[in-house]
Amino acid sequence: MGRRLGGMVLAALLLAGLSGAGAEDFQPARPGRIFQFPRDHGAHPDFKTEWWYYTGHLQSAEGEAFGYQLTFFRVGLKKPDQNQKAGSAWRADTVYFAHLAVSDPARSAFVFRDKMQRGALGLAGAEEGRLKVWIDDWLAEDRDGVQHLRAYRDGIGLELELSPVKPPVLHGEGGYSRKSAAAQVASHYYSIPRLATRGTLTVGGRTHEVTGASWFDREFSTSQLAPEQVGWDWFSLQLSDGADLMLYVMRLKDGSLDPASSGTLVDPGGRAHHLKLGDFNIKATGRWQSPHSGAAYPSGWRISLPKEGYHLTLQPTLKDQELRPGGRSPIIYWEGQVTVQGSRNQQAITGQGFVELTGYAGSLGGRF
């Protein structure tokens, strides 16, 4: 009962944070920020919400293929008072939660776990100035330029080392990413689109030695969704010609797309090219209805970048890659591994990626 009650309290705190309570105490995202790495891999407590988002594609020594997601979220409930020395060690001004998911297409299996903890008593936290974020024994940490991930719960887990192949890429206007044309909704947003990955993955009662490639996304912000917005579709693709592509479209209540939707094409040398909504087209090719939540999601896509000559077809490796984190972190969304087939300037191209679909299973509670 105590553990259950603790989870209910944490969920209530999280919902208060996601609803924008106390947002006026935090700093909004503004143009002109000067990013510094690796400093900006660390926490930004002046902003209400941020996340460290890892997705990747792994192959075992036996030739089996897997996808993974590990995400740490920080939600500020109250801006920390740096001058206040006294007080209870139990007092929490921040909530942390994390999602771990593994896709195992060969066995038609998708499994996920989650964790949630308050930022008190050392149970969870994130350091400023360097990458170190943790919840209990789940961890993402930079050690001499190599990012280390560790997470394990109830039969699934991973322990990975990620070495950047490309430098950090700033999205939007120098890392200032507008999310609404009609309101001041924005984040600071960057990615490391390719990281060589090795380590171990545990799933289905077996532990595999694995290698592969990962994608690291970072956003920090104080914004909520604009009133007319219902969610977003996000794409991250690693292509066989050495390019990487990130796209997001913000969906409005009337079914249209917010003109602020945008993306970034990263060339093989790591140079970023900003894409406006008119520079790309995304068309769903199918639908999938979750037997768990009842939500209907797009499933399969055609993406074209006419000026760049790309015409790509995306297919999920599994239809069911919906995360439903047990009510403790009350956000249901689809986050799935996809394969890519297509062409650039009529030359065949392949690739791999992830797609995130939010707002199809109800309100996001203002998360951004």
Consider Ile282 carefully, then state whether it is of a type in the set (A, V, I, L, M) and either farther than 24 Å from Leu100 by Cβ or crowded, with 22+ Cβ neighbours inside 10 Å (or both).
yes
Among the residues of the range 119-148, how many are in contact with a Gly (Cβ under 8 Å, 6 or more places away or on another chain) and assigned to a strand (DSSP E or B)?
5
Residue in the range 252-279 that is most open to solvent (accessible area, probe 1.4 Å), counting only those that are under 13 Å from Trp232 (Cβ atoms) and in contact with a Ser or Thr (Cβ under 8 Å, 6 or more places away or on another chain):
Leu277
Restricting to the range 163-177, name every residue that is assigned to a strand (DSSP E or B) and either touching a His at 6+ places or on another chain (Cβ under 9 Å) or open to solvent by 20 Å² or more (accessible area, probe 1.4 Å) (or both).
Ser163, Pro164, Leu170, Glu173, Tyr176, Ser177
Filter the strands (runs of 3 or more DSSP E) completely within the range 178-271 down to those with at least 2 residues that are more than 25 Å from Gln36 (Cβ to Cβ).
186-203, 206-221, 229-239, 244-252
Which residue out of Leu239, Leu160, Leu245 is open to solvent by less than 10 Å² (accessible area, probe 1.4 Å), more than 23 Å from Pro298 (Cβ to Cβ) and not hydroxyl-bearing (Ser, Thr, Tyr)?
Leu160
Complete set of residues in the range 53-63 that are out of contact with any Asp or Glu (no Cβ under 8 Å at 6 or more places or on another chain), in contact (Cβ under 8 Å) with a residue 24 or more places away in the chain and farther than 15 Å from Ala196 by Cα
Glu62
Positions within the range 90-149 being small (Gly, Ala, Ser), open to solvent by less than 30 Å² (accessible area, probe 1.4 Å) and farther than 28 Å from Asp25 by Cα, in sequence order
Ala101, Ser103
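The values are calculated or read from the model by the stated rules, or taken from the named source; none is laboratory data. Please read all numbers here as calculations on a predicted model, not as lab measurements. Using ideal geometry, Cβ is built from the backbone for each residue, glycine included, and neighbour counts are taken over all protein chains shown. Heads up: the accessible areas ignore ligands, DNA and RNA and are worked out on the full protein's heavy atoms, side chains in. Shrake-Rupley method; radii C 1.70, N 1.55, O 1.52, S 1.80 Å.
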